[in-house]
Amino acid sequence: MYLVKTPSFIKNLFPNFIWSVPSKDKVIYLTFDDGPIPEVTPWVMEMLEQYNAKGTFFCVGDNVQKNNAVFESLIENGHEVGNHTFNHLNGWSSENVPYFHNIRNCATLVKSELFRPPYGKLKPRQAQFLMRHYSIVMWDVLSGDFDENISKEQCLKNVLSKTKEGSIVVFHDSLKAESKLRYVLPRVLDHFANLGFRFEALDKEVCMNSNRSLHKSA
C-alpha cells in the first residue's frame, strides 16, 4: 500500500523533510532511486539529455561500488546524487547504529548532503540524527513504477495527474521498474516540456530554500 500523492497532513507531521519545492515557476524535480545500474541508468541519462533535463539520483552504495563508471557518468553529466544507504535498508526494521554505519558506508562513495531513506521509512531517532548531517528528501509524487500490480498506463496517469510546479517525483532506475520506466519517462518529459516546464536537479541550496519557504508558510 502506498500513496501516489503525499497528503498535506503527512508533510505537516514531518516539516523538516523535503517533500516538494514551493514554487510558482514551471519546475519539476525528477528523482531516481536504487541505481546506478548499466542496464537502465545510462538510458535515463540519454532521455533527460534530449530535454535538457537534470535529475537527482539516490544511489545505493553497493550499486555505486559495482558500477562506478556509470556513477561517475552521472556526475560528469551534471546530475545530482544522493545517499540511499549502502544496502537499501529499511529504517523501520534496522537497529539505529548499524543503519547509520550503512549510510556512512554509502557516503564514502556518494559524497552528498542529500539522503532519501529506502521505502521512505525512518524511525524518529534515526531522523533526528540524520537531519544533523543531511537534507532528508522525500517526495510529492510516487510514480508506482516499482508496482507489478499496476499497468504502465496507470503509472503514467499517476505522474501526469498529480505533478505540479515544484513537485518532487520518484522513479526507479532499477531492473524491477525498467519496463514501466521506459514507457513512462519519455511521455512525462514530453508532456511537461510541451507545457513549458523545465526539469531541474535538487541540491543543498534548493532544499534549504524549500525548508525556509515551508516554515514561513507554517
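In straight-distance terms, cross-link reach from Lys176 covers every one of the aspartates and glutamates whose alpha-carbon lies under 13 Å from its own, apart from those fewer than eight places away in the same chain; here that gives Asp33, Asp34, Glu39, Asp145, Asp147, Glu148. Looking at the chain alone, DSSP beta bridges between its own residues are antiparallel in about 10 percent of cases. Under 5 Å between amide hydrogens, built in the peptide plane, is the criterion, and for Ile18 it picks out Ile136, Val137, Met138 among residues at least 5 positions away or on other chains.
Net charge within 15 Å of Pro124 by Cβ-Cβ distance, Lys/Arg positive one each and Asp/Glu negative one each, not counting Pro124 itself?
On the way: positive: Lys121, Lys123, Arg125, Arg132; negative: Glu95.
Taking every other residue near Pro124 into account, the sum is +3.
Each residue of the stretch 190-200 is assigned a 3J(HN,Hα), and the resulting list reads 5, 4, 6, 4, 5, 8, x, 7, 10, 10, 10 Hz, derived from the Karplus form 6.51 cos²θ - 1.76 cosθ + 1.60 (θ = phi - 60°), x at Gly and Pro. Taking every C-alpha pair closer than 8 Å and separated by at least 6 residues, the mean separation divided by the residue count of the chain gives a relative contact order of 33 percent. In summary, the lysines within cross-link reach of Lys123, defined as a Cα separation below 17 angstrom excluding same-chain residues under 8 places away, comprise Lys11. Once backbone amide H atoms are built at 1.01 Å from N, Val27 has Gly166, Arg198 as its partners under 5 Å, excluding neighbours fewer than 5 places away on the same chain. Of all the options Arg104, Arg187, Arg125, the one that moves most in a Gaussian network model of the chain with Cα springs shorter than 10 angstrom is Arg125. The ellipsoid equivalent to the alpha-carbon distribution of the chain has semi-axes of 24, 21, 17 angstrom, derived from the gyration tensor eigenvalues as √(5λ) and listed largest first. Apply the Karplus parameterisation 6.51 cos²θ - 1.76 cosθ + 1.60, with θ equal to phi minus 60°, to every residue of the stretch 89-95 and state each ³J(HN,Hα) to the nearest whole Hz, in sequence, with x for glycine and proline. For the stretch 89-95, the Karplus-derived couplings read 7, 8, x, 5, 9, 10, 5 Hz, x marking Gly and Pro. Between amide H atoms placed 1.01 Å from N, distances below 5 Å from Phe58 occur with Phe32, Asp33, Asp34, Gly82, all of them 5 or more places distant or on a separate chain.
Computed from backbone phi, the HN-Hα couplings of the stretch 57-63 come to 10, 8, 9, 7, x, 4, 6 Hz, rounded to whole numbers (Karplus: 6.51 cos²θ - 1.76 cosθ + 1.60, θ = phi - 60°; Gly and Pro given as x). Annotation: lysines with alpha-carbon distance below 17 angstrom to Lys111 (same-chain offsets under eight excluded): Lys66, Lys204. Using the Cβ-Cβ distance between Thr108 and Asn16 with R0 = 25 Å, the FRET efficiency computed as 1/(1 + (r/R0)^6) comes to roughly 0.50. Mean sequence separation of contacting Cα pairs (under 8 Å, at least six apart), scaled by the length of the stretch 13-58, corresponds to a relative contact order of 48 percent.
The shape of the stretch 1-93 comes out oblate: with a ≥ b ≥ c from the C-alpha gyration tensor, a/c is at least 1.5 while a/b does not beat b/c. Taking Lys and Arg as +1 and Asp and Glu as -1, the other residues whose beta-carbon sits under 9 Å from that of Ala201 total -2.
Every number in this text was worked out from the coordinates using simple rules, so none of it is lab data. From a predicted model like this one, the values you see are computed outputs, not experimental measurements. Quick reminder, even Gly has a Cβ in these numbers, built from the backbone with ideal geometry, and neighbours come from all protein chains shown.
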